[in-house]
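Visitor: Input: one structure, supplied below.
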Amino acid sequence: MATHWFSASERNKHHICDVLKQVLNSNDSYSVAEVASGHGQHICFFAKEFRQSVWSPTEINAEYLNRLTENVNREQLSNVKPAVLLDASWEPSRWKESLSVNGYDLVININMVHISPFEATIGLFNGAASILKQNGYLLLYGPYAIHGVISPESNVKFHHWLKSKCTEWGLRDIFELETLAHKNNMVLEKTIDMPANNKILLFRKLSA
């Protein structure tokens with residue numbers, strides 16, 4: 001299964017980066033945090049494309065965190081900060097302790113919400129809202145349900161497979177995520193269809 005996730009990351013990083021280029025100007029400087037960076041395939045690739053920006057990788061899995069650190073060090077990317085331990089379900093105060101930057105322009109989370117308990121998704125919105133600047137973005141990537149409907153059939157099968165692995169996993173409903181966003185003074189600004197029946201959800205933090 002690890003090989004599947006690695007190959008998926010290799011395939012989708014280019015498509016996600018194309019969307020990032022619609023959000024960020026590659027010549028400007030931004031502070032970006034990635035929650036659940038895995039082995040770092042995405043953040044290392046993005047950091048090369050946006051060299052003026054500072055990238056902060058995080059991981060909850062100690063084994064992944066070590067591999068992430070090794071990969072970042074191997075790439076010798078001066079604009080990637082040392083990877084830190086972060087559990088998305090932590091309270092916002094612990095997010096701020098781990099991520100020392102005062103305000104982030106963008107928080108990225110790729111393929112996490114459907115393979116973690118819903119508490120992690122709640123924590124993701126709470127935590128991201130606490131560290132984002134006004135008008136900063138939370139970008140989510142993955143497969144989702146829409147008003148209770150999962151499509152196409154491949155996503156239905158994937159949802160059932162996830163449930164068979166852990167009853168707390170499964171595709172989340174975009175409407176449910178919008179509700180979490182509203183509770184954290186964020187709004188779903190854009191939904192972008194992506195290859196392999198995935199989507200990017202772009203949430204913007206509103207002014208207080």
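The values are calculated or read from the model by the stated rules, or taken from the named source; none is laboratory data. Since the structure is predicted, the reported quantities are computational estimates derived from the model, not experimental observations. Note that each Cβ is placed from the backbone with ideal geometry, even for glycine, and that neighbours are counted across all protein chains shown.
Visitor: Condition first: among the β-branched types (Val, Ile, Thr), modelled with pLDDT of 95 or more, under 27 Å from Met194 (Cα atoms) and outside any helix (DSSP H, G or I). Can you find one or more residues in the range 5-28 that meet it?
Guide: No, because not a single residue in the range 5-28 is among the β-branched types (Val, Ile, Thr), modelled with pLDDT of 95 or more, under 27 Å from Met194 (Cα atoms) and outside any helix (DSSP H, G or I).
Visitor: Moving on. Are any of the residues in the range 61-75 crowded, with 18+ Cβ neighbours inside 10 Å, in a loop (DSSP other than H, G, I, E, B) and touching a strand residue (DSSP E or B) at 6+ places or on another chain (Cβ under 7 Å)?
Guide: Checking the range 61-75: not a single residue is crowded, with 18+ Cβ neighbours inside 10 Å, in a loop (DSSP other than H, G, I, E, B) and touching a strand residue (DSSP E or B) at 6+ places or on another chain (Cβ under 7 Å).
Visitor: Among Asp105, Asp193, which is of a type in the set (Asp, Glu) and under 15 Å from the mean Cα position of the chain (by Cα)?
Guide: Asp105
Visitor: Name the residues in the range 152-164 that are among the charged types (D, E, K, R) and farther than 16 Å from Asn111 by Cα, would you?
Guide: Hits for the range 152-164 are Glu153, Lys157.
Visitor: If you don't mind, another one. Which of (1) modelled with pLDDT of 95 or more; (2) buried (at least 20 other Cβ atoms within 10 Å of the Cβ); (3) not in a strand (DSSP E or B) does Phe45 not meet, given it meets every other one?
Guide: Going through (1) modelled with pLDDT of 95 or more; (2) buried (at least 20 other Cβ atoms within 10 Å of the Cβ); (3) not in a strand (DSSP E or B) one by one, Phe45 breaks only (2).
Visitor: Let me ask you something else. Restricting to the range 94-109, name every residue that is of a type in the set (S, T, N, Q) and either in contact with a His (Cβ under 8 Å, 6 or more places away or on another chain) or at pLDDT 95 or above (or both). Break it down stepwise before answering.
Guide: Let us first name the residues in the range 94-109 that are of a type in the set (S, T, N, Q), namely 98, 100, 102, 109.
If the condition is that a residue be of a type in the set (S, T, N, Q) and either in contact with a His (Cβ under 8 Å, 6 or more places away or on another chain) or at pLDDT 95 or above (or both), then Asn109 is the only one that fits.
Visitor: Tell me which residues, restricted to the range 73-86, are out of contact with any Ser or Thr (no Cβ under 9 Å at 6 or more places or on another chain), at negative phi and of a type outside the set (Lys, Arg).
Guide: Residues satisfying the conditions are Asn73, Glu75, Leu77, Ser78.
Visitor: Any residue at all in the range 82-90 that is touching a residue at least 40 places away in the same chain (Cβ under 8 Å), crowded, with 18+ Cβ neighbours inside 10 Å, farther than 20 Å from Tyr144 by Cα and not aliphatic (A, V, I, L, M)?
Guide: For the range 82-90, residues touching a residue at least 40 places away in the same chain (Cβ under 8 Å), crowded, with 18+ Cβ neighbours inside 10 Å, farther than 20 Å from Tyr144 by Cα and not aliphatic (A, V, I, L, M): absent.
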